[in-house]
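All remarks here apply to the structure that follows.
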Amino acid sequence: MKWTPGDRGNIEDYRGSTGGGAMRMGGIGLGGLLVVLLLSWLTGVDFLSLVGEPGAGPPTESVGTGGAVASTPDEEKTVDFVDAVMADLQETWQAHLGGQYSPTAVRLFRDAIQSGCGFGQSATGPFYCPADRRVYLDLSFFSELRQRFRAPGDFAQAYVVAHEVGHHVQTITGLESKLRQAQESRPDQANQLSVRMELQADCYAGVWGHRASQSGRAAQGKVELEADDLEEGLNAAGAIGDDRLQRQGGGRVAPESFTHGSSQQRVEWFRRGFESGDPRQCDTFR
């Protein structure tokens, strides 16, 4: 991929935060403290260490960088890369949605963070929170994507970010709230609806890839894909299919428990968006 560093206007850096990411539940009160002590005694697990000091306040969030960030030149280059991809994604969706589009940002963190949707951890992977309309990303996931999932390459990383921005598009267009209501009214179909939503986000990631594949964009300071980038994106989409993850986990493939779709489905919908460049071709609910 060809890209140009920007001003990091699409990044909210919480990597140095000591408030938003700490697993603390201060201010639980005496009754809650007694419950925690009882659980610790019964199980032998030190739950008290998870709630912090008695009387501690609730988690706090800082604006921008919450403290000094210990980083490396390679990591800072990745931050610039994510910012460049985000800028291009937002320009793409602004072109498709016009005034309906509202900007988002990637909130970088390490290990754990308190989001508008609750406590988030690196172990869960990147996620989008519709409550605060932010994408959450621990950059260590890119190493996991390369090593554990065998999906290397910068476009594989960009696909992950584009997928999460796809969820932002679903939120601002009202689809996300409608789907949650449908899941509540039909809990027997909750997983099926989740799969359709995730596949649409894959297709939306492909829509951006189509735009980024146009030649001459790099000369304008925009993201431009190169010859082998599509294969990286398809590989990443297939690497995190539910069936493949279940096999890697040593269990049986259980389609009824899928939440994101099979590898084949994810590849097909990403490719559909990439080849058409048209969000209207991403109706996974039809």
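Some observations on this one:
Results for (1) closer than 19 Å to Phe127 by Cβ; (2) outside any helix (DSSP H, G or I), shown as yes or no for each residue.
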| position | (1), (2) |
| --- | --- |
| Thr171 | yes, no |
| Val195 | yes, no |
| Asp202 | yes, no |
| Glu231 | no, no |
| Asp243 | no, no |
| Val253 | no, yes |
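- Boolean, Glu226 is open to solvent by 50 Å² or more (accessible area, probe 1.4 Å), acidic (Asp, Glu) and assigned to a loop (DSSP other than H, G, I, E, B): yes
For every residue, the table says whether it meets (1) of a type outside the set (S, T, N, Q); (2) out of contact with any Lys or Arg (no Cβ under 8 Å at 6 or more places or on another chain); (3) assigned to a strand (DSSP E or B).
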| residue | (1), (2), (3) |
| --- | --- |
| Asp83 | yes, no, no |
| Thr92 | no, no, no |
| Gly98 | yes, yes, no |
| Thr104 | no, no, no |
| Gly120 | yes, yes, yes |
| Ser143 | no, yes, no |
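- Which numbered condition Ala201 fails, given (1) more than 25 Å from Tyr101 (Cβ to Cβ); (2) in contact (Cβ under 8 Å) with a residue 12 or more places away in the chain; (3) surrounded by 15 or more Cβ atoms within 10 Å (Cβ to Cβ): (1)
- Matching entry among Ala219, Ala237 (being touching a residue at least 60 places away in the same chain (Cβ under 8 Å) and not β-branched (Val, Ile, Thr)): Ala237
- Screening the candidates Gln170, Gln214, Gln157 for the property of being modelled with pLDDT of 95 or more, surrounded by 15 or more Cβ atoms within 10 Å (Cβ to Cβ), farther than 18 Å from Val267 by Cβ and not hydroxyl-bearing (Ser, Thr, Tyr) yields one hit, Gln170.
- Check on Arg272, touching a residue at least 12 places away in the same chain (Cβ under 8 Å) and open to solvent by 60 Å² or more (accessible area, probe 1.4 Å): yes
The values are calculated or read from the model by the stated rules, or taken from the named source; none is laboratory data. Fair warning: this is a prediction, and the values are worked out from it, not measured in the lab. Glycine gets a Cβ as well: all are built from the backbone with ideal geometry, and neighbour counts include every protein chain shown. Ligands, DNA and RNA are stripped out before the accessible areas are found, and what is left, the full protein with its side chains, is counted by its heavy atoms. Shrake-Rupley method; radii C 1.70, N 1.55, O 1.52, S 1.80 Å.
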